[in-house]
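Sharing a structure below in structure tokens format, with a few things to ask.
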């Protein structure tokens, strides 16, 4: 397994992983359509942000993450694993790689977690500091923070 810096040419496969991973949690199709743009990684996005992916020995992409500087913190913007590989430690590998990158830039990392991922992030020391309303009535995202 290798973690590599993603390039704009990876935008389609990264988008596919993001959408498949989100759908894995059983969200209604109506919500998935509403999130389509949010889950789409463009070539421009990848060129402008730190995007890293993990691949197997054959070069198949398993998952990815992205981040950027936001005020005094680093924001983890995406972290998605292909559903075929969820539960095999790839999220942990990517998150630890992210920490190595982020600690060179700031002392704190923040993210808006999918509610299904909140416990995953808590295992790594993130704390929920707020709930952020979404465009879907009655749905909130945990805003999480960690000092690194």
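At q = 0.19, 0.23 Å⁻¹, what log₁₀ I(q)/I(0) does a Debye calculation on the Cα points of the stretch 1-77 give, no solvent, two decimals?
-0.86, -1.10
Here's a follow-up. Compute the relative contact order of the stretch 2-109 as a whole-number percentage, counting only Cα pairs closer than 8 Å that sit 6 or more residues apart in sequence.
For the stretch 2-109, the relative contact order is 27 percent.
Compute the distance from the alpha-carbon center of the stretch 9-33 to that of the stretch 101-148, in whole Å.
For the stretch 9-33 versus the stretch 101-148, the Cα centre distance is 19 Å.
Starting with the fewest neighbours, write out 10, 97 ranked by other beta-carbon atoms found within 10 Å of each beta-carbon.
In order of increasing Cβ crowding within 10 Å: 97, 10.
Right, next: Considering the chain, what Rg and Dmax in Å follow from its alpha-carbon atoms?
Using the Cα atoms of the chain, the pair Rg, Dmax is 14.7, 43 Å.
Work out Dmax and Rg for the stretch 48-132 from the C-alpha atoms and quote the Rg first, both in angstrom.
13.0, 41
Between residue 131 and residue 20, what is the FRET efficiency for a Förster distance of 30 Å, r being their Cβ-Cβ separation, to the nearest 0.05?
So, using R0 = 30 Å, E works out to roughly 0.70.
A further question follows. Just rank 76, 12, fewest to most, by other beta-carbon atoms within 10 angstrom. Mind dumping the intermediate values first?
Values: 76 24, 12 11.
Sorted ascending by nearby Cβ count, the order is 12, 76.
Separate question: Counting only helical runs of four or more DSSP H residues, what would the 222 nm mean residue ellipticity of the chain come to if each run contributes -39,500 (n - 2.57) and the total is spread over all its residues?
Values: 5 runs with 45 residues, N = 148.
It comes out at -8500 deg cm²/dmol, rounded to the nearest 500.
Sort 1, 32 so that the residue with the fewest other Cβ atoms within 10 Å of its own Cβ comes first and the one with the most comes last.
1, 32
No value in this document is a laboratory result; all are computed from the given coordinates. Computed from a prediction, not measured in an experiment: that's the story for all the values here. We place every Cβ from the backbone using ideal geometry, glycine too, and count neighbours over all the protein chains shown.
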